[in-house]
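Here the structure comes first, spelled out in structure tokens, and everything after it is commentary.
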Amino acid sequence: MPDKQDSGSRPARGDSAGRRRPSVLDTVRIGLLVLGLLCVATGLLPRAEAADNMRRIAPLLLFLGSVIVLANLARRAKVFDVIAHRLAIIAGGNYAGLFLLCVLFASVTTTVLNLDTTAVLLTPVMIALAVPARIPPLPLAMTTLWLANTASLLLPVSNLTNLLAADRVALDATGFAARMWLPQLLSIAVTMVCLWCWYWRRSQRGAERYVVPEPIRPADARERVLLYASGGACVLFVLAIPFVGDRIGIAATVAAAIAVLAFAVCDRSALRPALFPWQLLVFVSGLFLVVPTLSRYGLSTLMDTLIGQDTSGPGVFRAAGAGAALSNIVNNLPAYTAGEAVAHGGRNQLLALLIGTNVGPVVTPWASLATLLCLEFCRTHQVRVPMRRFVLTGLVLAVAATAAATAGLLLTG
């Protein structure tokens, strides 16, 4: 493995570094939607099937758009910054303590607010924490990048694929968590071991202790109102998750509306179009037009061959492995949607496919949208991620965490 110099980077820049013209990734997203529309227009994808797909994902798009708006405003109100600095203060300069708290923070954010929230909002916050605490930013960045994927198993809201799977296997939030709690714990445990060995231990981070940063406090009454209102909206959304069932999009919209109202009163300048995650919605919409088209012309046959129909233990592991492998080749959303169409081996097989497509996409930079977003923030904040090291350590994590989580699935079943 590379030596500890790989853990360092140039100092992270502020949020202004992320404000730039549309990126190559944005162009790809728009191109994907255009390609999907062309598939419909040319008849490669029947219009009735396209309409069914759009109706299916409409509640998911409502949830995704609302929860990102909520998280964006919460970050603007410094909710995440306050928590991150407070965790560093609680750990008191001890790296082991900070590691455990960062794992907890990233895992909870991913579980209850969606993995894309962790990628979009928590990554720059953790990188920014590295400056006052004089911590190499790479361990913090890799913590959010890996846990955005491997901590996204517990609840339907944790990942867009979970919402699709929960609908397919007819599980509400409580039933879904009852099946996935052990796979989630095992996945996080394996991630923690890999993070500590390759990014957090003494020989990699380059220091015995870090500088304890000063706490972040609201400067005036206006900031205090925004902090408490946005934080309270997040808490209300989290508390609503066990009770709202398939109306999670409505719950997210109500929580986002509370935050929007607070900003409309106290800081209207923050309510800009950039708050709305059009990029994510365009990307997801395009995928659900392009992937069904590909499935009609060979992708379904490939996935059927890879997954098989075996419902025993080996068959369940095979489904998980197929999901993880294809995710790192094409991206986890196409891998899951293509696999879901041919997975007829029962609930265990489909949930194993879900584990592979959630936990496995940590090997290649394009394996999941969360991975892409985290790496993009690392680039814009000048945090160097050695790609050889990223791929090799990600490969070990993907195999070990997918296997452990799948074994946990069989135990809970």
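Computed from the coordinates by the stated procedures, all read-outs in this text should not be read as laboratory data. The model shown is predicted, which means the values in this text are computed figures rather than measured ones. Neighbour counts are summed over all protein chains in view; Cβ atoms, including those assigned to glycine, are modelled from backbone coordinates with ideal geometry.
Details
- Only helical runs count toward this figure. For the chain, summing -39,500 (n - 2.57) over DSSP H runs of n ≥ 4 and dividing by all residues gives -23500 deg cm²/dmol at 222 nm.
- Value in Å of the Kirkwood radius, where the chain supplies the Cα pairs that are averaged: 21.6
- Spatial offset of the range 76-136 relative to the range 203-225 amounts to 10 Å, using the alpha carbon center of each.
- Only one residue of Ala401, Gly356, Pro334 has its Cα farthest out toward the positive end of the dipole of the range 285-405, where Lys and Arg carry +1 and Asp and Glu -1 on Cβ, and that residue is Ala401.
- When the chain is described by a simple charge dipole with +1 on each Lys and Arg Cβ and -1 on each Asp and Glu Cβ, the residue from Phe63, Thr111, Ala133 located farthest towards its positive end is Ala133.
- When you restrict to C-alpha pairs under 8 Å that are six or more residues apart and normalise by the size of the chain, the relative contact order lands at 26 percent.
- Charge dipole of the chain (Cα centre as origin; +1 on each Lys and Arg Cβ, -1 on each Asp and Glu Cβ, all else neutral): 980 debye, rounded to the nearest 20.
- Difference of contour (0.36 nm per residue) and Cα-Cα distance, Val396 to Val28: 129.6 nm
- Point-to-point label distance, Val265-Trp181, nm (Cα→Cβ direction, 7 Å offset): 3.8
- Given charges at Cβ of Lys, Arg, Asp, Glu: the chain dipole, positive-most of Thr27, Leu182, Gly323: Thr27
- Our summary gives the range 303-413 a relative contact order of 29 percent, counting only alpha carbon pairs under 8 angstrom and 6 or more residues apart.
- Sorting 379-392, 253-266, 47-60, 137-150 by average packing, meaning the other beta carbons within 10 Å per residue, from highest down gives 137-150, 253-266, 379-392, 47-60.
- Vicinal HN-Hα couplings computed from phi for the range 200-210 (Karplus, 6.51 cos²θ - 1.76 cosθ + 1.60; Hz; Gly/Pro x): 10, 5, 3, 5, 9, 7, x, 7, 7, 9, 10
- Radius of gyration and maximum dimension Dmax of the range 223-366, Cα, Å: 19.9, 58
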